[in-house]
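Every number here is computed from the coordinates shown, using simple stated rules; none is lab data. Because the structure is predicted, anything quoted here is derived from the model rather than measured. Note: ideal-geometry Cβ built from the backbone for every residue, glycine included; neighbour counts use all protein chains shown.
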Amino acid sequence: PVLIPTIAVGLLVVIFAVTALAVSIYPAIYGGIKVQGISVAGLNKEEAIQTVEQKVNEMLSGEVTLKQDGGDFTISKSIKDLMQDIDIAESIEQAYRSGRDGNIFQNVIHTIGTIFTGKDIPLAFQENTADIESFIAEFAANVEHTGEPASAKVVDDKVEIFCGTPNKTIDRTQLYTQIIEKLSLSGDNLEVVVPYVDVVPEIDYDALYQS
């Protein structure tokens, strides 16, 4: 009865040792690993760089499109104009180091897990802040509009209040974040649907009281 568990444990140790040896001497990027949605599993660094470069060049030929939510207005800009300092080599280095930057036990567990669950490493790049802000400003100039201001007046000892109409605006900070998130995804035609934010005008009760 004691012999069977001992043999089982011994087999597990042998299997783990063989797996650890295979992981340690494997010369390429481990299974399940992608860069920007592009599989680089089984490739060495040079092959991975070439593969990702080709796909990234295709991606850069595409566009990001901003679309007015509930409206017809759209505006597009080249992905290439919105990204800069793209560092494919850095992303490939991260892919290669995945499963190699811990101790033997951690590396084996990480590598086996990645084979089944996958791991997508984002492309290393810097956003072109000036062009993104200009892109957003151009979109806003075409979709934002100012509503009628709130007002109040006294007529025949009665107060007449006009609540005004909301300003239709967009959340530029949120839109900037959405564009960056889209650039971090794979694909050569990326669309962002931009909702309005209604800003309700306020009544100046101090001015009303003084009148």
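Once both labels are positioned 7 Å from their Cα atoms along Cα-to-Cβ, the gap between Glu138 and Ile112 label points is 5.3 nm. Peptide packing for 164-176, 29-41 was compared via the average number of neighbouring C-beta atoms within 10 Å per residue; ordered from the highest value, the list is 29-41, 164-176. In this simple spin-label model, placing a label point 7 Å from the Cα along the Cα-to-Cβ direction at both Phe105 and Asp198 gives a separation of 5.9 nm. In this rough spin-label picture, where each label sits 7 Å from Cα along the Cβ direction, the Leu185-Tyr26 distance is 3.0 nm. With r defined as the distance between the Cβ atoms of Lys153 and Thr74 and R0 fixed at 45 Å, what FRET efficiency is calculated, to the nearest 0.05? Efficiency computed from Cβ-Cβ geometry: 0.60.
Counting only residues at least eight positions apart within a chain, or on another chain, the lysines with an alpha carbon under 26 Å from that of Lys67 are Lys55, Lys77, Lys80, Lys168, Lys182. The orientation-averaged projection of the convex hull spanning the C-alpha atoms of segment 72-155 amounts to 12.2 square nanometres. Each 10 Å bin from zero up to the one holding the largest Cα-Cα distance in segment 107-152 carries the following percent of pairs: 18, 19, 17, 17, 16, 8, 4, 0. Take the Cα of Asp81, go 7 Å toward its beta carbon, and the backbone nitrogen atoms of segment 45-64 under 16 Å from that spot belong to 60-64.
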